[in-house]
Amino acid sequence: MNHTTRKLIEKFSPMWTNKEIWEFEQLNENLRFDLAYTEPEKFRVESWKSKLAYPDSDIRDVVVRTFNNFQDGNECWIANKGQGRIDKKFIPYLMAVMADIMIEEEICLNFRIEHDCLVVSIDNTADVIDCKEFFEEFYHLATGFNYDIDTGIPDDETEAEIYLTRLQEEFDQKMKSLLGDKYLPGNNDPDTINSK
């Protein structure tokens, strides 16, 4: 992870969970941004009007549809709709959304602020350690908590297993009472890790 990305993540840490993203989207309905792809070091004000510009856009929709622009080595410049700059309050939201889009493919990103815009690019120099560090920062997107914060789960493996089993049983009982026979309790997947 490059120094600029690390500093920006530290500034807005901890990164948002999916629940926080969802809540932010509920409070800020119809979030739209201007996006423009450019070659590195080639951004100009005119980039907002180029053929690789996507004004008034839904961030997820455009990034998924135009992912090949990232693969071609372009940077994605993001600004508030019609303003040519990004409000600070949107930066942690956008960083978490961008990481969430890339998380399945395990693609590490670089983030920076330049000309009052959020600039996102694929980290083509990232090695395994860089990727591990990057995704540890965004670990709680899926889990809802940061992996290095005390979760209440005991450190002892046996105690932790008992604790988690009890939580699963309580959850199963609650869901069974709500859904009846439609609910399949527990994790019924075969234990492939420990099977011979």
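The values are calculated or read from the model by the stated rules, or taken from the named source; none is laboratory data. The model shown is predicted, which means the values in this text are computed figures rather than measured ones. Every residue, glycine among them, receives a Cβ derived from its backbone with ideal geometry; neighbour counts consider all protein chains shown. Quick note on the areas: whole protein, heavy atoms, side chains included, nothing else; ligands and nucleic acids left out. Shrake-Rupley method; radii C 1.70, N 1.55, O 1.52, S 1.80 Å.
Quick notes on this one:
- When each of the peptides 82-89, 25-32 is scored by the mean number of other C-beta atoms lying within 10 Å of its residues, the order from highest to lowest reads 82-89, 25-32.
- Along the axis of the charge dipole computed for the chain (Cβ charges of +1 for Lys and Arg, -1 for Asp and Glu, origin at the Cα centre), the listed residues Ile107, Thr66, His3 are led at the positive end by Thr66.
- For segment 5-43 versus segment 57-122, the gap between their alpha-carbon centres in whole angstrom: 7
- Estimated dipole of the chain in Debye, rounded to 20 [Cβ of Lys and Arg +1, of Asp and Glu -1, Cα centre]: 1060
- Two-decimal Rg to Rh for the chain - Kirkwood Rh, Cα set: 1.07
- Helical runs assigned H by DSSP (4 residues or longer) give the chain a calculated mean residue ellipticity at 222 nm of -12500 deg cm²/dmol, each run adding -39500 (n - 2.57) before division by the residue total.
- Among the listed pairs Lys49/Lys81; Lys11/Lys132; Lys7/Lys89; Lys42/Lys89; Lys11/Lys89; Lys19/Lys89, those beyond 24 Å (Cα-Cα): Lys42/Lys89
- Calculated from backbone phi, Karplus (6.51, -1.76, 1.60) coupling profile of segment 21-27 in Hz, x at Gly/Pro: 4, 4, 4, 4, 5, 5, 6
- Once the 1.4 Å probe is applied to the protein heavy atoms, the chain comes out at 65 Å² accessible per residue.
- Solvent-accessible ranking of Tyr37, Tyr54, largest area first, probe 1.4 Å: Tyr54, Tyr37
- Of all accessible heavy-atom area on segment 11-146, the percent that carbon and sulfur account for (1.4 Å): 48
- Placed amide H near Asn110: partners under 5 Å, 5+ positions off or other chain: Ser121, Ile122, Asp123
- Relative to the Cα centre, the charge distribution of segment 46-109, modelled as +1 at Lys and Arg Cβ and -1 at Asp and Glu Cβ, gives a dipole magnitude of about 400 debye.
- Judged by the gyration tensor of its Cα atoms, with axes a ≥ b ≥ c, segment 1-97 is oblate; a/c meets the 1.5 cut and b/c is at least as large as a/b.
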